[in-house]
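Notes for the one structure printed next.
The values are calculated or read from the model by the stated rules, or taken from the named source; none is laboratory data. These numbers were taken from a predicted model, which means no experiment stands behind them. Cβ atoms come from the backbone with ideal geometry, glycine included; neighbour counts cover every protein chain shown.
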Amino acid sequence: MNPAESTRDVTERISYWRTLVLGRPVPINLLPSPDRLPAVRARNAHAYDFLNESLPEVGAFHETVEMRPKGAARATPSAEIYVPKGAGPFPVVIHLHGGAWFSGSASSDRKFGMRLAAAGLLVVNVDYALAPEQPFPCALEDTVYAARWVVRNIARFRGDPRRLAIGGASAGGNLAAAAALVLHAAPEAVDGGDLAGTEVRFAALIPEFAVLDVARWLYEPGYSAGATETPIMGYLGPNFTLHLNNPLVSPLFSPDLARLPPTYLTCGALDALLGHTLLMGGALARSGVPVVVSVLEGTDHEFLKIPEKVPGGMAEVQRMIDWLHRHLD
């Protein structure tokens with residue numbers, strides 16, 4: 001295979017899951033610099049809006065819930081909150097969207113969050129700081145802050161902070177795992193702002209096709225060559241190799257994995273990030289953490305946006321819901 005054929009094959013692979021999710025051919029534009037990332041984000045800001053039709057019925061939908069006090073240095077995190085029908089108090093799931101740390105939003109995962117809420121789980125779907133304008137560790141600080149805010153405030157929305165899970169998709173799964181490590185093992189590792197010292201204990205963790213070893217994302221066969229390096233540089237800076245083994249960047253390397261809660265890892269068999277899921281599953285099992293590893297045959301990245309269109313997608317969503325109820329009820 002010559003280099004031109006290799007590049008074409010890889011870009012076609014990147015296009016596969018985006019084309020499937022968006023329902024139309026998606027051209028691949030390889031970016032030469034992180035400076036271009038904000039323009040890409042703005043151009044694609046409403047790309048997933050069409051998915052938010054025929055949303056599941058929930059008891060209440062709170063949009064753009066601000067978490068930091070007025071006058072804070074930055075507006076993030078904020079959240080969409082989906083409350084189940086009924087009196088509550090309900091178990092709570094904090095969810096972080098994907099987007100390679102530079103794009104995406106809570107609204108792009110709204111339908112998935114509402115599926116969980118329709119099944120009796122109160123969902124806090126977080127918007128966090130995006131790179132390159134706000135690089136590492138801003139998104140992680142926002143995730144930790146959001147979790148502490150939930151513990152202090154979610155009872156106002158009929159949620160039970162004593163029954164709390166965290167999860168996320170792709171880069172959001174990275175943030176979820178890193179935040180769980182911070183809050184369970186090293187609460188002073190990031191700036192806690194005005195909520196520093198608020199104790200958070202998760203009963204469950206759900207990384208969904210997550211980035212768990214950033215270096216592996218750069219060399220494992222099938223990775224998104226040319227489209228991966230730029231967002232990593234946007235998130236970690238031009239000298240990003242200095243940070244690759246930092247457990248708050250690559251949670252797989254954490255010495256504190258044993259302190260994570262029961263974990264459900266889900267990924268498609270065609271996903272370039274599958275190796276992350278498989279290695280994390282083994283590492284957690286060796287650390288004594290109860291773990292489920294679920295791999296969907298014939299399925300690629302971000303399938304939870306369109307579970308009704310991929311093999312076994314809806315059954316996987318139901319397995320995740322059932323598992324969450326077992327660990328939160």
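Which of the residues spanning region 230-240 are touching a helix residue (DSSP H, G or I) at 6+ places or on another chain (Cβ under 8 Å) and either closer than 13 Å to ALA100 by Cα or in a loop (DSSP other than H, G, I, E, B) (or both)? Don't jump to the end; show me each part of the working.
Step one: list which residues in region 230-240 are touching a helix residue (DSSP H, G or I) at 6+ places or on another chain (Cβ under 8 Å), which gives 230-237, 240.
Within region 230-240, THR230, PRO231, ILE232, MET233, GLY234, TYR235, LEU236, GLY237 meet the criteria.
Within the set of pairs 6+ apart or on separate chains, which have a first residue in region 51-77 that is within 17 Å of ALA118 (Cα to Cα), a second that is in a strand (DSSP E or B) and β-branched (Val, Ile, Thr), and C-beta atoms under 7 Å apart?
VAL58/VAL83; GLY59/VAL83; ALA60/VAL83; HIS62/ILE81
Does LEU284 satisfy the condition of being free of Cβ contacts under 8 Å to residues at least 60 places away in the same chain and not in a loop (DSSP other than H, G, I, E, B)?
Numbers: free of Cβ contacts under 8 Å to residues at least 60 places away in the same chain: yes; not in a loop (DSSP other than H, G, I, E, B): yes.
Here the answer is yes, as LEU284 does meet what is asked.
Filter region 62-74 down to the residues that are hydrophobic (A, V, I, L, M, F, W, C) and surrounded by 13 or more Cβ atoms within 10 Å (Cβ to Cβ), then identify the one that is nearest to ARG148 (Cα to Cα).
Pass one, region 62-74, residues hydrophobic (A, V, I, L, M, F, W, C): 65, 67, 72-73.
Right, trim to surrounded by 13 or more Cβ atoms within 10 Å (Cβ to Cβ) and you get 65, 67, 72.
On the way: VAL65: 14, MET67: 10, ALA72: 16 Å.
Result: MET67.
Hey, does region 107-123 have a residue that's under 30 Å from PRO34 (Cβ atoms), at pLDDT 95 or above and not in a helix (DSSP H, G or I)?
Checked region 107-123: no residue is under 30 Å from PRO34 (Cβ atoms), at pLDDT 95 or above and not in a helix (DSSP H, G or I).
To keep it simple, each residue is scored yes or no on (1) at pLDDT 95 or above; (2) more than 19 Å from VAL92 (Cα to Cα).
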position	(1), (2)
VAL292	yes, yes
VAL295	yes, yes
THR299	no, yes
GLU302	no, yes
PRO311	no, yes
MET314	yes, yes
VAL317	yes, no
ASP322	yes, no
LEU328	yes, no
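Name the one entry in MET320, MET314 that is part of a helix (DSSP H, G or I) and closer than 27 Å to ARG259 by Cα. Break it down stepwise before answering.
Numbers: MET314 fails: closer than 27 Å to ARG259 by Cα.
Testing whether each residue is part of a helix (DSSP H, G or I) and closer than 27 Å to ARG259 by Cα leaves just MET320.
Only residues that are surrounded by 24 or more Cβ atoms within 10 Å (Cβ to Cβ) and under 16 Å from ARG68 (Cβ atoms): list them for region 128-139, please. Give the steps one after another, and end with the answer.
Within region 128-139, the first condition is being surrounded by 24 or more Cβ atoms within 10 Å (Cβ to Cβ), and the residues that meet it are 128, 130-131, 139.
Answer for region 128-139, where residues must be surrounded by 24 or more Cβ atoms within 10 Å (Cβ to Cβ) and under 16 Å from ARG68 (Cβ atoms): TYR128, LEU130, ALA139.
Can you work out which of the residues in region 207-245 that are of a type in the set (Phe, Trp, Tyr) and at pLDDT below 95 is surrounded by the fewest Cβ atoms within 10 Å (Cβ to Cβ)? Before you say what the answer is, go through the steps one by one.
If we filter region 207-245 for residues that are of a type in the set (Phe, Trp, Tyr), which is where we start, we get 209, 217, 219, 223, 235, 240.
Checking which are at pLDDT below 95 leaves us with 217, 219, 223, 240.
Values: TRP217: 23, TYR219: 8, TYR223: 19, PHE240: 20.
The qualifying residue surrounded by the fewest Cβ atoms within 10 Å (Cβ to Cβ) is TYR219.
From the set of residues in region 151-176 that are among the small types (Gly, Ala, Ser) and part of a helix (DSSP H, G or I), which is surrounded by the most Cβ atoms within 10 Å (Cβ to Cβ)? Break it down stepwise before answering.
Step one: list which residues in region 151-176 are among the small types (Gly, Ala, Ser), which gives 155, 159, 165, 167-173, 176.
Narrowing the set further to residues that are part of a helix (DSSP H, G or I) leaves 155, 171-173, 176.
Numbers: ALA155: 15, ALA171: 26, GLY172: 29, GLY173: 31, ALA176: 28.
Per the criteria, the residue is GLY173.
Which members of region 291-311 meet the condition of being out of contact with any helix residue (DSSP H, G or I) (no Cβ under 8 Å at 6 or more places or on another chain) and closer than 13 Å to PRO207 by Cα?
First pass over region 291-311, keeping only residues out of contact with any helix residue (DSSP H, G or I) (no Cβ under 8 Å at 6 or more places or on another chain): 297-298, 311.
Result: no residue meets the conditions.
Every residue in region 44-61 that is of a type outside the set (Asp, Glu) and exposed (fewer than 13 other Cβ atoms within 10 Å of the Cβ), please.
Filtering region 44-61 for residues of a type outside the set (Asp, Glu) gives 44-48, 50-52, 54-56, 58-61.
Selection gives HIS46, PHE50, SER54.
Look at ALA227 and say whether it is within 14 Å of ALA171 (Cα to Cα) and assigned to a loop (DSSP other than H, G, I, E, B).
Details: within 14 Å of ALA171 (Cα to Cα): no; assigned to a loop (DSSP other than H, G, I, E, B): yes.
So ALA227 does not fit the description; no.
Find all pairs meeting these conditions: Cβ atoms under 8 angstrom apart; at least six residues apart or on different chains; first residue within region 79-95 and within 22 Å of GLU66 (Cβ to Cβ) and at pLDDT 95 or above; second residue acidic (Asp, Glu) and not in a strand (DSSP E or B).
HIS95/ASP109
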